[in-house]
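Heads up, the thing below is written out as structure tokens.
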């Protein structure tokens, strides 16, 4: 029986997934954990001292779990924050020295490809095209695909940590800040909207993160083991409610995890912006994303 470990080093969250694969190719999940390290707490340009230390501590903790489960086949991938930060390579070298974990940086396009592989295992995309959206802390990946083919994929530097640090200073967020953010999204996502002129996705597929909150919060979500289907019409009332909350009120809201209370407003503004631009019939939430895509490729190899 083979054991595999995948570490996804996101801008906000570090994920660890450990599985075993038997001789028949059947996969069993042994351990899964996420630690909110918030590498971009002080900005995406440089990892701050406290975030730097939290990241190294998280990886040392992961290494202990990998050792406990006797995992030797390990892949660790760094994304937007480590690609962008001026001390990203320093962090990678420190992680190797302290935990023994070798981190591979992957470009946004590769990240998008792996997300599609992961999502395709959890969500039935079918023959109709879907718009896959993976909201990270440093970047957001958009993928237009059906179950068989990726028609277009791109990574944009508009992750929630970036948007929060640059556009959300007042509590609750002001209309002026929202307008400035909308203008930024309009300019940054222009390539996406140009491509969408030639594609008509019928569903928005959210890969983890903020979409997990939607699944837990919005009524009448139809759930399966690895996915959930949400009525688009239920989004706006929740969106308008949270938009009016200040940080303390968001922390007091039971359906908003404390770790997401600060950045959830800009994340919802981003989702709403997409819903207003694209004629979406339903929202699908995928339990799988990039790390499951990585795992699938590790097994195939």
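Each value in this text was obtained by applying a stated rule to the coordinates, not by laboratory testing. Being a predicted model, the structure only gives us computed values, none of them experimental. Cβ placement follows ideal geometry from the backbone for every residue including glycine, while neighbour counts extend to all protein chains displayed.
Just to be sure I understand the model, the point goes 7 Å from the Cα along the line to the Cβ. What's the resulting residue 148 to residue 179 distance in nm?
It works out to 4.8 nm between the two label points.
Kindly provide the pair-distance distribution of segment 2-106 built from C-alpha pairs, with 5 Å bins from 0 and whole-percent values in order of increasing distance.
Cα pair-distance distribution for segment 2-106, in percent: 2, 13, 25, 24, 16, 10, 6, 3, 1, 0.
Subtract the Cα-Cα distance of residue 299 and residue 252 from 0.36 nm times their separation in residues, and report this length gain in nm to one decimal. Each step should come with its number before you reach the end.
Working: separation 47, 0.36 × 47 = 16.92 nm, distance 4.24 nm.
So the chain would gain 12.7 nm between residue 299 and residue 252.
Using Cα pairs closer than 8 Å and at least 6 residues apart in sequence, work out the relative contact order for segment 115-181, in percent.
On the way: 87 pairs, mean separation 15.7, N = 67.
Averaging sequence separation for qualifying contacts and normalising by length gives 23 percent for segment 115-181.
Could you please state, rounded to a whole Å, how far the C-alpha centre of segment 231-301 is from the C-alpha centre of segment 160-229?
Here the two parts' Cα centres lie 7 Å apart.
Using a 10 Å cut-off on Cβ atoms, rank the peptides 5-15, 266-276 from the highest mean neighbour count down.
Final packing ranking: 5-15, 266-276.
Per DSSP H run of at least 4 residues, take -39500 (n - 2.57); add these up for the chain, divide by its residues and hand me the 222 nm value, nearest 500 deg cm²/dmol.
That calculation yields -13000 deg cm²/dmol at 222 nm.
Taking neighbour counts of Cβ atoms within 10 Å as a proxy for exposure, in what order, fewest first, do 1, 290 appear? If you can, show how the numbers build up before the last one.
Working: 1 8, 290 29.
Ascending number of Cβ neighbours within 10 Å: 1, 290.
Show me the ranking of peptides 259-265, 82-88, 203-209 by mean Cβ neighbours inside 10 Å, starting with the highest. Present the calculation step by step, with values, prior to reporting the outcome.
On the way: 259-265: 20.6, 82-88: 19.0, 203-209: 25.3.
My ranking of the peptides, most packed first, is 203-209, 259-265, 82-88.
Express as a percent, rounded to the nearest 5, the fraction of DSSP beta bridges in segment 150-301 (both residues included) that run antiparallel.
Once the DSSP bridges in segment 150-301 are tallied, antiparallel ones form about 60 percent.
Rounded to the nearest 0.05, what FRET efficiency is calculated for residue 87 and residue 222 with R0 set to 41 Å and r the Cβ-Cβ distance?
It comes to 0.40.
How high is the relative contact order of the chain, in percent, counting Cα pairs under 8 Å that sit 6 or more residues apart?
With pairs under 8 Å counted, the relative contact order is 19 percent.
Packing-wise, with mean Cβ within 10 Å as the measure, how do 59-72, 138-151 rank, highest first? All intermediate terms of the calculation are to be shown ahead of the outcome.
Details: 59-72: 16.1, 138-151: 19.6.
Going by the mean number of other Cβ atoms within 10 Å, highest first, we get 138-151, 59-72.
In the chain, what percentage of the DSSP-assigned beta bridges are antiparallel, given to the nearest 5?
Here the antiparallel bridges make up roughly 65 percent for the chain.
I want to make sure I understand the PRE zone here: with the label point 7 angstrom from the Cα of residue 239 toward its beta carbon, which residues in segment 259-281 have backbone N atoms less than 15 Å away?
Once the point is set 7 Å along Cα→Cβ of residue 239, 264-281 turn out to lie under 15 Å by backbone N, inside segment 259-281.
When only Cα pairs under 8 Å and 6 or more residues apart are kept, what is the percent relative contact order across segment 55-118?
Relative contact order, segment 55-118: 39 percent.
Against the empirical 2.2 N^0.38 Å scaling, what ratio does the C-alpha Rg of the chain come to?
Compactness ratio reported: 0.97.
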